[in-house]
Amino acid sequence: MLSDASIGMKAFILDDFTINVVSAAFTQTELLQKEVFLVEKLHVNPDKKMHHLKAVVFVRPSQENIALLCDLLKANAYGEYYFSFSNILKETHLQTLAEADEHQVVRQVQEVYASFLAVDPFLFTLGTSNNHDYLSWKPPSTHSQLNAVDGVVEGLAAFLLSVKRRPVIRHQRSSEISRRVAEDVWRLAYEQESGLFDFRRSDGTLQLLVLDRMDDPVTPLLSQWTYQAMLHELVGIKNNRVNLPDSSPKETHDIVISSSDDGFFKDNMYSNYGDLGINIKKLVDNFQAVSKMNKQIDSIEDMQRFLDSFPGFRQQSGNVSKHVSLMSELSRIIGEASLMTVSQVQQDVACGSDRMYAYNSIMQQLSTNSQAKSSECLKLVLLFALRYEKEGTRQVPLSKHPYGSSEGAEKLATFMKFFQVDEMVAALAHRNVEDAHLTLVKEIVRWAGQERRTGDLFGNHTFFARASKMVGGLKGADNVYTQHQPLLVQTLENLSKGKMKETDYPFVNAAHGPKDAKPQDVLVFVIGGVTYEEARFVAQMNEYGQGFHITLGGTTILNSRSFLQDMIRALC
């Protein structure tokens, strides 16, 4: 879109959303190379006329933005205007803009389908600020929730148009919002804008699978131990930037962290905490060797060699400093919050089957681990409530139950279940956890319990699933902190093998288009957000999937902090 304005100085006009899209796609140097000398928000009225600048406008085609563009045209602040919209532009909006162009300065109007943020080559997000609206969605919904659904449909439409694909669509049967979004996308692609989506050769070769975050609330609650996921969990990644505290109090600075222009990060973004420390040590050692060599300047040739290598040396120096700073901050947070101890208990609860052991381990953390944050303790209790929602004290043989009968054993199991959860809630209250957070312990089971879920979240629905999990437990895991696998992995494996049940994941309008039980190209979209942990498994499946390619998208990218905040706003 910048090249469309040809040669000349440019002003880049953006809205609150598209500025994030551009910041993830361009560096400041790249913008300067394209002769962009001013970046401005659409709602900021220019205080003087700058006819020497060409205004390149990239905004969403919303009613509010159209009105602001009309004001901008009437102000006649720039010499020429080039309009690019991030999604489908209504004809009425186009007519409104034409009427406002009194000075005839608009040179181009086009649709650039980019109502999403590209994070990695196979991962994107819509970057929604109202993610909580999706977690408790059910018809009839509020006006804001309906608008939220429209935003998801528009974002998915923009992505599909950008890759020029019209998909076959499936959705999670147990989720009303998944069904609504899937049907609305189908209606848009096959009826309302069928001509726009008519790519012919690609029809039906992509399968869109729409899922609900509340089908797997466990993955966002777990602490993460791979580089990218740890950064987002402990520090926070926003638009490929990490905000770190500065040496002086109350000051911070941004660090760009992207796999597209950082070779070390690209190679280590999925490395676990231990391997990451070793690899950063190697990075430092290599830099020290190069630095020592550059200090040996004994001749004109050495000086010329140093000057030739200086740009690369300076870049390497900044890269080393960046990753050492990030690793130091991660280590500090992990040590202060005793996260390794808490994380091991999380994994035992999520992946284990011994209820009493899990209960005792959690109570020990709640009562004796003063370093553990209240939010970490709350996550432990939420995991226990979900994991043992339907299970009693199975590990106690029936003959040893004091009631001596199956009915008595069932009563004891029910009593123990509520007694243990109540004890944990009381322990949380003793740690001064807020009442709304305590309410979440019961609400999460109501909204994301076994009756509301489709997938086998804990691998305990069938005898074969339990046996498979037991065998996996006996074999052990490569790392005690990364035993858990997201439910998405099981879902995608079933899809790739043609074993996904149509009763659980029905097609939208199955009579229209081919129904490929084993698709080769899949777009998975999770309403309510995805995690970097799920993205890691998707990357692995893409690498070893033998032709099975997956793109992962979500309304946002979650960490446990944002997920807890969303659930409290939505459910409590």
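The values are calculated or read from the model by the stated rules, or taken from the named source; none is laboratory data. Values in this document were obtained by computation on a predicted structure and should not be read as measured data. Here Cβ is always computed from backbone atoms with ideal geometry, including for glycine, and neighbour counts include all displayed protein chains. When the accessible area is computed, the model is the full protein with side chains, heavy atoms only, and any ligands, DNA or RNA have been set aside. Shrake-Rupley method; radii C 1.70, N 1.55, O 1.52, S 1.80 Å.
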Filtering the stretch 116-135 down to residues that are open to solvent by less than 20 Å² (accessible area, probe 1.4 Å) and part of a loop (DSSP other than H, G, I, E, B), which residue is farthest from residue 3 (Cα to Cα)? 135
Residues of the stretch 538-572 satisfying the condition of being farther than 30 Å from residue 438 by Cβ, within 14 Å of the chain's Cα centre (by Cα) and among the polar types (S, T, N, Q): 551
Can you pull out every residue in the stretch 76-107 that is surrounded by 13 or more Cβ atoms within 10 Å (Cβ to Cβ), free of Cβ contacts under 8 Å to residues at least 60 places away in the same chain and among the hydrophobic types (A, V, I, L, M, F, W, C)? 77, 83, 85, 89, 94, 97, 100, 105, 106
Are any residues in the stretch 167-221 charged (D, E, K, R) and open to solvent by less than 30 Å² (accessible area, probe 1.4 Å), and if so, which ones? 170, 184, 212, 213, 215, 216
Taking the stretch 532-555 and keeping residues open to solvent by 30 Å² or more (accessible area, probe 1.4 Å), closer than 22 Å to residue 167 by Cβ and in contact with a Phe, Trp or Tyr (Cβ under 9 Å, 6 or more places away or on another chain) leaves 541, 542, 549
Which one of these does residue 367 not meet: (1) more than 30 Å from residue 384 (Cα to Cα); (2) small (Gly, Ala, Ser); (3) over 31 Å from the mean Cα position of the chain (by Cα); (4) modelled with pLDDT of 90 or more? (1)
Answer with yes or no whether residue 11 is closer than 30 Å to residue 254 by Cβ and touching a residue at least 12 places away in the same chain (Cβ under 8 Å). yes
Could you list, in sequence order, the residues of the stretch 42-64 that are buried (at least 22 other Cβ atoms within 10 Å of the Cβ) and over 18 Å from residue 2 (Cα atoms)? none
Take the residues in the stretch 337-351 that are free of Cβ contacts under 8 Å to residues at least 40 places away in the same chain and not polar (S, T, N, Q); name whichever of them is farthest from residue 221 (Cα to Cα). 337
Go through the stretch 142-174 and give me each residue that's in contact with an Asp or Glu (Cβ under 7 Å, 6 or more places away or on another chain) and without any contact (Cβ under 8 Å) to a residue 24 or more places away in the chain. 144, 145, 148
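Each row is one residue, and each column tells you yes or no for (1) open to solvent by 70 Å² or more (accessible area, probe 1.4 Å); (2) modelled with pLDDT of 80 or more.
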site	(1), (2)
282	yes, yes
292	yes, no
298	yes, no
301	yes, no
306	no, no
312	no, no
319	no, yes
343	no, yes
349	no, yes
The number of residues in the stretch 500-534 that are over 24 Å from residue 136 (Cα atoms) and at pLDDT 90 or above is 5
